[in-house]
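The values are calculated or read from the model by the stated rules, or taken from the named source; none is laboratory data. Predicted, not measured: the structure shown is a model, and the values here were computed from it. Ideal geometry is used to build each Cβ from the backbone, glycine not excepted, and the neighbour counts take in all protein chains shown.
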Amino acid sequence: MKKIFKGFMALALSLSMFCSCGKKESDVSADKLLSAAVDSGAKFEEMEVVDGEYIKFYYEIEESWYEEFAAKAAGDTALADEVVVVKASDDEALKKIQEALEKRVKDRKEVLQSYAPVEYDKLCDSEVKTEGDYVYLVVGSEGNKAEKALEKLF
């Protein structure tokens, strides 16, 4: 009987450890994630810090949707380069942020397609991604390199 009980307890402990490995939570800040991407050695054009008003107006992301964000974008609107990292306030906000960033990419493609094919291609190579509570977008000629550096912190 003791062996069965010990076996059952070992199984229960193993299962509880396995189940706790579900959703990855990250304690890294949006600023650190942004810095990792921008400082990865990937080439970005004329990056400037994005503030709260900018993210609301150009990305259509409401302040109530996020706990924190960090972003840089090309100062020249003819350039597509940008890195945006947003920590959502909840699951519903996460979906809204993802939709807003996808809309941003779609809108920028429409604008740049006819007169800036290189910038359009950068947007075509980009993808809005989520990891835990974070939604992020990296657009640049070496966006994959920057994305990998950012993702290492999760």
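Among the residues examined, Ala78 does not qualify as touching a helix residue (DSSP H, G or I) at 6+ places or on another chain (Cβ under 8 Å) and either modelled with pLDDT of 95 or more or among the hydroxyl-bearing types (Ser, Thr, Tyr) (or both). Can you tell me which condition Asp121 does not meet? The list is (1) closer than 19 Å to Phe69 by Cβ; (2) more than 11 Å from the chain's Cα centre (by Cα), and all the others hold. The one condition Asp121 does not meet is (1). Could you list, in sequence order, all residues of segment 32-63 that are closer than 19 Å to Ala149 by Cβ, in contact (Cβ under 8 Å) with a residue 40 or more places away in the chain and out of contact with any Gly (no Cβ under 8 Å at 6 or more places or on another chain)? Passing the criteria: Lys32, Leu33, Leu34, Ala36, Ala37, Val38, Asp39, Ser40, Gly41. Any idea which residue in segment 54-77 is surrounded by the most Cβ atoms within 10 Å (Cβ to Cβ), counting only those that are out of contact with any strand residue (DSSP E or B) (no Cβ under 6 Å at 6 or more places or on another chain) and more than 23 Å from Lys95 (Cβ to Cβ)? It comes out as Ala74. Kindly provide the set of residues from segment 14-37 that are at pLDDT 95 or above and either under 19 Å from Asp91 (Cβ atoms) or in contact with a strand residue (DSSP E or B) (Cβ under 9 Å, 6 or more places away or on another chain) (or both), ordered by number. Correct list: Ser29, Ala30, Asp31, Lys32, Leu33, Leu34, Ser35, Ala37.
The residues of segment 95-127 that are surrounded by 18 or more Cβ atoms within 10 Å (Cβ to Cβ), out of contact with any strand residue (DSSP E or B) (no Cβ under 8 Å at 6 or more places or on another chain) and among the hydrophobic types (A, V, I, L, M, F, W, C), listed by number, are Ala100, Leu112. For Ser114, the conditions (1) modelled with pLDDT of 95 or more; (2) out of contact with any Phe, Trp or Tyr (no Cβ under 8 Å at 6 or more places or on another chain) all hold with the exception of (1). The numbered conditions (1) surrounded by 15 or more Cβ atoms within 10 Å (Cβ to Cβ); (2) more than 15 Å from the chain's Cα centre (by Cα) are all true for Gly140 except (2).
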